[in-house]
Amino acid sequence: MDTDLSRIKQIILGDEYDELLKLRDEINDDGQFSKIVSNIITEALKERSLKDDSIAEVLAPTIDQAISSSINQDPKKLAESLYPIMGPAIRKSISETMQQMLENLNQLLEESLSPKSLRWRFDAWRTGKSYSELVLLNTLEFSVEQVFLIHRESSLLIHHQYSELADTRDPDMVSGMFSAIQDFIEDSFSTKEGDELDTLRLGDLSVVLQRGPNAVLAAVVRGRIPENLRNELSRTLESLHRMKKAELADYGGNPEVFADVEDDLRKILLSERKEPEEKTIPWLAVVSILIILAGTGYWNYLSYQESLERTALLSTLKQEPGLVLLDSEYSDKVLHISLLVDPNARSPEEVISTNQENFSIEFTEHSHLSVIDELVAKRAMNLLQPTGETQLEVRNSVLVLSGRADGDWMRDYASRWPAVTGLTAIDTGALELVYPRREAMVEAVQVIEATELNFENGETETEVSSQFITALSEQITELNALSMEEYGRPVRIEVVGYTDDSGSPSFNQQVGFERALRFEQVLVDAGVDESLLESFSAFDHSSNEGIARRITRLIVAPLTQ
Amino acid sequence: MLQKKICLLGAFSVGKTSLIQRFVSSLFDDKYLTTVGVKIDKKIVTVDQQEIMLMIWDLAGEDDYNTLNKNHLRGAAGYILVIDGTRPKSLDVGLAVHDKVKEALGDVPVVVALNKADLIDEWILDADQLAKLEEKLPVLRTSAKTGDNVELLFSELAARLQ
Ligand SMILES: Nc1nc2c(ncn2[C@@H]2O[C@H](COP(=O)(O)OP(=O)(O)OP(=O)(O)O)[C@@H](O)[C@H]2O)c(=O)[nH]1
Ligand SMILES: [Mg+2]
């Protein structure tokens, strides 16, 4: 029956039926099924973990249990696996805690404000350290008790320095042990290549090791390790390697070769103790403060002196006519002064004739025209150029002239004074004008008019020396020239012929006229411009100032403008 | 004063520590306390009217678990190779150590101590091997227990240090 049914299934489903059967068997068989699941379990977990956190939740208790049972069985195993990450983690956490502590301390100390804390604060600022670090360093004490110079290769002690307080037990062996200990630690903890033991510590005693290529310095310190000890050690080591290169390289065990390093090593020994604060007068501070006070006092005095000097200088400049002080500024020992300077004023450098020793001066000058009378007068003087006999002065912007002045200059001048900036009027009341040409003309006229030409009775001809005529004609020509210059007009000379009382008036008139003509002709012949001369006969001889003579004379027409 | 570093080498329990203790402090102890790492002692010897301070490095003996630390050998001016006459194995180990040291230090002076001479009746060393060794290296029969040849052992080496 069963087989029939299966045969029917076989007929209907064909090969698939076999496969279905196989699949069922696989699922029913634990071994086979787990094989199938194992193929996809990782992928399945991955898929699921993308969807939610259920895997972690489900697995957590199991893992917890697994770990605790693992620790119960063999704690070392887990410790070993964790060791590489625990070390750094612990170090980090310690350093963070320390940092935190320092910061807290910092805060605490920041609030205290004693003179000492001020000094530390200053030191902190100076050295770039944190304040708290400095306080720690300052409050702790230390003492470098021993220093070992050890030959690195053989660990033999080359030199040993120690303070009286030091408890020195067989330094030779100690020196060997330092390197033995280093070897021991390296072996036991298989540290990295190049890692070196640099500090050993027992209670408050430390050994600071510093290594050079051929020698090692070991310093035994009680208390805090001084901050610069390591620097000091490496500096000393370096210099030793420099000075004793060969001796160190093949040290044969004879320390005498290094007897002279004693001083170098001795320098490393030092101690610092926090003595209780003594109430003594801090002389150093007192003296420094006094010096500072004296210094600032003197400095103040100097700068006060200097400022006085500057003020005086500025007021001199202010008072100088033609200079207008605009601004002054003092910086870096240079006094900058900007001012307006009239071209006719004295230059500021001239005004400050004294030499400034404490500072230098820089001028910035702008030109301007001053209307101060003194400056206006100077300007007028330059422009008008009066002669030495003329005094020039400016009073309240009025040009006051006095003394004597040439008429020509004065004429010019009248047109030019308004060009002088700062003048509003001119006063020539006290000025005497002089006209030299006019004076010369007056003289010439006198000479000319004094000339008389005598005639014989009834005659119209006369003998005159040619010298006399030449001189006279020259005089006339010059007078004319002066007149042209002075008045712009030619001179006019009347030639007047006189007679005596004898003869009839009409005859006399005729004779007089001819005599005049005759004189005129002589003058013209001698070179006098004809147009200057005009001949007349004197009419009323009796009334003519009593002149009743046989003469001819010259009368110059009044010289006026 | 001249200082020299020397080492005592050899298999474990051959009497290195005992020899040093005898030489330095004139003491002997029957108890066996194996040396871990290194221990350093010193003693001044006189060679040709010249004093030399020996810095004596007592190293842990070689065995199956502990091999020689070459760092400890650095700078040694010479060494004493200790062999226990009652233990043939210590001769093999000693010879192996000798080769190693040669490699590390080059040709430095060595003196061999055939130790526990007070137990000479119990010695079971191969005579041939011993003869060969004596040909190659200076050998002294010593006893830390009685002090036999101990002083000589160290001064022999000291004399060989240049
Ligand atoms: N009878 C006798 N016993 C000795 C002599 N020398 C050493 N011993 C004994 O041998 C044992 C080992 O001596 P150690 O000196 O400790 O040997 P070691 O070479 O230092 O051994 P490790 O430090 O382990 O390498 C001790 O019990 C000593 O008492 C000796 O000359 N005669
Ligand atoms: Mg030992």
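What are the pairs with Cβ atoms under 6 angstrom where one residue, in segment B:6-22, is within 15 Å of B:Asp41 (Cα to Cα) and more than 8 Å from ligand 2 (Cβ to nearest atom) and the other, located anywhere, is part of a strand (DSSP E or B) and of a type in the set (Gly, Ala, Ser)? Sequence gap at least six, or different chains. Taking only residues 6 or more apart or on different chains, the pairs are B:Ile6/B:Gly78. Selection of first residues in segment A:245-257 that are facing another protein chain (nearest Cβ under 10 Å) and of second residues that are assigned to a helix (DSSP H, G or I), restricted to Cβ pairs under 8 Å at least 6 apart or on distinct chains, gives the following pairs, ordered by first then second residue: A:Tyr251/A:Val257. For segment B:54-73, filtered to residues that are part of a helix (DSSP H, G or I) and more than 16 Å from ligand 1 (Cβ to nearest atom), the residue that is farthest from the chain's Cα centre (by Cα) is B:Asn71. If you filter segment A:150-169 down to residues that are more than 17 Å from A:Ala219 (Cβ to Cβ) and in contact with a strand residue (DSSP E or B) (Cβ under 7 Å, 6 or more places away or on another chain), you find that the one that is nearest to the other protein chains (Cβ to nearest Cβ) is A:Ser154. The residues of segment A:416-435 that are within 30 Å of A:Gln475 (Cβ to Cβ) and out of contact with any helix residue (DSSP H, G or I) (no Cβ under 8 Å at 6 or more places or on another chain) amount to a single one, A:Glu432. For segment A:317-348, filtering for residues that are more than 24 Å from A:Thr421 (Cα to Cα), at pLDDT 85 or above and outside any strand (DSSP E or B) leaves 0. Just one residue in the set A:Ile12, A:Ile55, A:Ile8 is out of contact with any strand residue (DSSP E or B) (no Cβ under 9 Å at 6 or more places or on another chain), assigned to a helix (DSSP H, G or I) and surrounded by 11 or more Cβ atoms within 10 Å (Cβ to Cβ); that residue is A:Ile55.
Tell me the residue from A:Asp342, A:Asp327 that is outside the structural domain of A:Leu423 (by TED's automatic domain parsing), surrounded by 16 or more Cβ atoms within 10 Å (Cβ to Cβ), on the phi < 0 side of the Ramachandran plot and of a type in the set (Asp, Glu), please.
It is A:Asp342.
Filtering segment A:304-318 for residues that are at positive phi, surrounded by 16 or more Cβ atoms within 10 Å (Cβ to Cβ) and in contact with a strand residue (DSSP E or B) (Cβ under 8 Å, 6 or more places away or on another chain) leaves an empty set. Residues that are in a helix (DSSP H, G or I) and within 13 Å of chain A (Cβ to nearest Cβ) were ranked within segment B:1-48; the one that is farthest from ligand 1 (Cβ to nearest atom) is B:Val24. Can you spot a residue in segment B:152-160 that is within 14 Å of another protein chain (Cβ to nearest Cβ), outside any helix (DSSP H, G or I) and under 30 Å from B:Gln49 (Cα atoms)? There is no residue in segment B:152-160 that is within 14 Å of another protein chain (Cβ to nearest Cβ), outside any helix (DSSP H, G or I) and under 30 Å from B:Gln49 (Cα atoms).
Here's the yes/no breakdown for (1) farther than 20 Å from A:Ala557 by Cα; (2) out of contact with any helix residue (DSSP H, G or I) (no Cβ under 7 Å at 6 or more places or on another chain):
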residue	(1), (2)
A:Phe468	yes, yes
A:Gln475	no, no
A:Glu485	no, no
A:Gly488	no, yes
A:Ile493	no, no
A:Gly512	no, yes
A:Arg515	no, yes
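Considering the conditions (1) touching a residue at least 60 places away in the same chain (Cβ under 8 Å); (2) within 14 Å of chain A (Cβ to nearest Cβ); (3) away from ligand 1 (no atom under 12 Å from the Cβ), B:Glu51 is excluded by exactly one of them, (1).
Among the residues of segment B:135-162, which ones are of a type in the set (Asp, Glu) and closer than 14 Å to B:Ile80 by Cα?
The initial filter retains those residues of segment B:135-162 that are of a type in the set (Asp, Glu), namely B:135, B:148, B:151, B:156.
Of everything in segment B:135-162, those that are of a type in the set (Asp, Glu) and closer than 14 Å to B:Ile80 by Cα turn out to be B:Glu151, B:Glu156.
The values are calculated or read from the model by the stated rules, or taken from the named source; none is laboratory data. These numbers come from a predicted model, not from an experiment. As a convention, Cβ positions derive from the backbone with ideal geometry for all residues, glycine included, and neighbour counts pool all protein chains shown.
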